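Report on the following structure.
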Amino acid sequence: MKLTVDVINDAVTRINSLNDRELVLRDLRLPAIENLGGTKDLNDTIDFCNNDLKSLENFPRMLRLKHLLMANNRISHITNGLEEYLPNLKSLILTNNAMTDLAEVDALATLPSLEFLSFLDNPVSKKPDYRLYVIHKLPQVRVLDFKKVSQKEREQAQAMFQ
């Protein structure tokens, strides 16, 4: 299915447990992110879980968006420059995708508000020193893979990569 303005307008919008306005675009077999301008930047959260997305890209400027749920897709690439379009993104859940390259993490380093991040069940999360690399590249992240980043890990990451 293609993500059209009609699909967006027909999608469920609800107030979630965080009291945020959430747009539910899960389970639609979407191959790409497109036409999100049709949301009119009215959502705090967008749920893209359980689709066929391969890349985290093609976002319009969305100042309100704070949470992206992208679990259970096939995402293997994160585009550079997301800070221009998602400057207030606070949490990004990429659990169970196809991320294999640590260099893809670098594209997230420019997201100043990103505090919660998950790469659980991605091939990249099995690489040696994966967690320390992410902590080094994204010092603003407080919770990685649903586990709080400790001060000791921050010190280890700094020692290893600087």
**Fill in**
Scanning the range 90-133 residue by residue, the ones that are assigned to a loop (DSSP other than H, G, I, E, B) and aliphatic (A, V, I, L, M) total 7
**Any hit, the range 70-80, residues being on the phi > 0 side of the Ramachandran plot and in a loop (DSSP other than H, G, I, E, B)** = yes
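Can you go through 108, 23, 63, 30 and tell me which one is closer than 22 Å to residue 138 by Cβ, of a type in the set (A, V, I, L, M) and crowded, with 17+ Cβ neighbours inside 10 Å?
When all the criteria are applied, what remains is 108.
Here are 125, 150, 91: which of them is at pLDDT 95 or above and under 27 Å from residue 63 (Cα atoms)?
Only one candidate qualifies: 91.
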**Fill in**
Checked pairs for the range 51-62, first under 16 Å from residue 25 (Cα atoms), second aromatic (Phe, Trp, Tyr) and crowded, with 16+ Cβ neighbours inside 10 Å, C-beta under 6 Å and 6 or more apart or across chains, list as 59/85
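The values are calculated or read from the model by the stated rules, or taken from the named source; none is laboratory data. No experiment lies behind these values; they were computed from the predicted model shown. Backbone-built Cβ (ideal geometry, glycine too); neighbour counts: all protein chains shown.
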